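Note sheet for the following structure.
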Amino acid sequence: MDALISQSVQLSTWVDLEKMARTPSSSLRFTQRCRGQQRLPKRLQPKRAAAWYRPVSLKISCSSENYPASVLESGSLPASFDQAVILKNKADEIEPYLDGRCIFLVGMMGSGKTTVGRILSEVLGYSFFDSDKLIEQGVGGTAVAEIFKLYGESFFRDNETEVLRKLSSMHRLVVSTGGGAVVRPINWRYMNKGISVWLDVPLEALARRITAVGTDSRPLLHNESGDAYTKTFRRLSTLWEERSEAYTKAITTVSLENIAAKLGDEDVCDITPTAIAIEALVQIESFVKK
Ligand SMILES: Nc1ncnc2c1ncn2[C@@H]1O[C@H](COP(=O)(O)OP(=O)(O)O)[C@@H](O)[C@H]1O
Ligand SMILES: O=C(O)C1=C[C@@H](OP(=O)(O)O)[C@@H](O)[C@H](O)C1
């Protein structure tokens, strides 16, 4: 049965990746907001949730058109510029150094791979792919949770590897991978043909985000007892113990705790996706300019 389905999941038959990749994603604006954020119970709300929507955390003024080589490295963002402008300038600066290499975002579920990945693809003029979505399309539009239920995790993982293999032979893509893609060594061979970026987000923040949107689409978070936050946090902790080492194989790391420290924020939940995208470019820059 599985063999039969596997055969039907030939990438060429389900997604014309090459064609899709020729069309850079166009739905994104530089300033990404947390749309559709549901209200959490008060005790789960981040201390300054509204700050997610702040356009920028500003420290100093800057009169030059040339932004500091590393706006976040310096720990100070120029006061009069929107994060979106900083992001776009940084993208323009490093894009030639990428030589078309793909960017693979890795990280625990809920770490922002899709959110940040879309922003990066937009500013770099790259195409965006979500590997989970490609797997779903390959199985006739079956949702990830359903694929796990009907065919099991290893079937899902085989398809994930096949998707990554195919994507790794392409250029100018930003790819949001599934949280478990890091576990198979073969996947690293594919992802590190491009530049892998680990979004390192504290478990508490992940659990808050996922609780806000629900766990329906994330099958590995099903089957726990307790309230939504507690069971999500517990399951994430187990997965983290199994995977934390694997994430360190990424070529670059974006640590939200480091960004928070640089910006003077005390809560990682205050960091906007745009600020995270800027830091991702800063980290990528230090790799490509080495
Ligand atoms: N920097 C951020 N601050 C607050 N919420 C965020 C941030 N980045 C992502 N989110 C939210 O967290 C949830 C998971 O993000 P997503 O990009 O889908 O993660 P992943 O693709 O890694 O699973 C989404 O609801 C998204 O809106
Ligand atoms: O952590 C994991 O093993 C998984 C994460 C999910 O992707 P996201 O990280 O995008 O939620 C999805 O691939 C699947 O549910 C398995």
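The values are calculated or read from the model by the stated rules, or taken from the named source; none is laboratory data. Since we're looking at a predicted model, the values are computed, not measured. Because the Cβ atoms are built from the backbone with ideal geometry, glycine has one as well, and the counts that use them run over all protein chains shown. With ligands, DNA and RNA removed, areas are computed over all heavy atoms of the protein, side chains included. Shrake-Rupley method; radii C 1.70, N 1.55, O 1.52, S 1.80 Å.
In the structure shown, the pairs Lys113/Lys133; Lys166/Lys290; Lys166/Lys249; Lys149/Lys193; Lys249/Lys290 are assessed against 22 Å; a Cα-Cα span above that value is assigned to Lys166/Lys290; Lys149/Lys193. Applied to region 102-111, the Karplus parametrisation 6.51 cos²θ - 1.76 cosθ + 1.60 on θ = phi - 60° returns per-residue 3J(HN,Hα) values of 6, 10, 10, 8, 10, x, 4, 4, x, 6 Hz, with x for Gly and Pro. Near the amide H of Val174, within less than 5 Å, lie the amide hydrogens of Ile103, Ser127, Phe128, Phe129, all on another chain or at least 5 residues away, with H placed in the peptide plane. Potential lengthening of the chain between Thr230 and His171 amounts to 17.2 nm, from the contour at 0.36 nm per residue minus the alpha-carbon distance.
Taking the Cα centre of region 87-239 as origin, sum charge times position over the Cβ atoms of Lys and Arg (+1) and Asp and Glu (-1), and report the length of that vector in debye to the nearest 20.
Here region 87-239 has a charge dipole of around 180 debye.
Each residue, Asp216 and Lys249, gets one label point 7 Å from its Cα in the Cβ direction; the gap between the two is 3.4 nm. Rounded to the nearest Hz, the phi-derived 3J(HN,Hα) couplings of region 82-99 under the Karplus curve 6.51 cos²θ - 1.76 cosθ + 1.60 (θ = phi - 60°) are 6, 3, 4, 6, 4, 4, 5, 5, 5, 4, 4, 5, 9, 3, x, 6, 6, 6, where x marks glycine and proline. Averaged per residue, region 83-288 has 36 square angstrom of accessible surface, using a 1.4 angstrom probe with ligands and nucleic acids left out. The stretch between Ser154 and Ile186, if pulled fully straight at 0.36 nm per residue, gains 10.1 nm over its current Cα-Cα span.
Under the rule a/c < 1.5 gives rounded, and otherwise a/b versus b/c splits prolate from oblate, where does region 83-288 land using the Cα gyration tensor? If you can, show how the numbers build up before the last one.
Working: a/c = 1.87, a/b = 1.19, b/c = 1.57.
Verdict is oblate for region 83-288.
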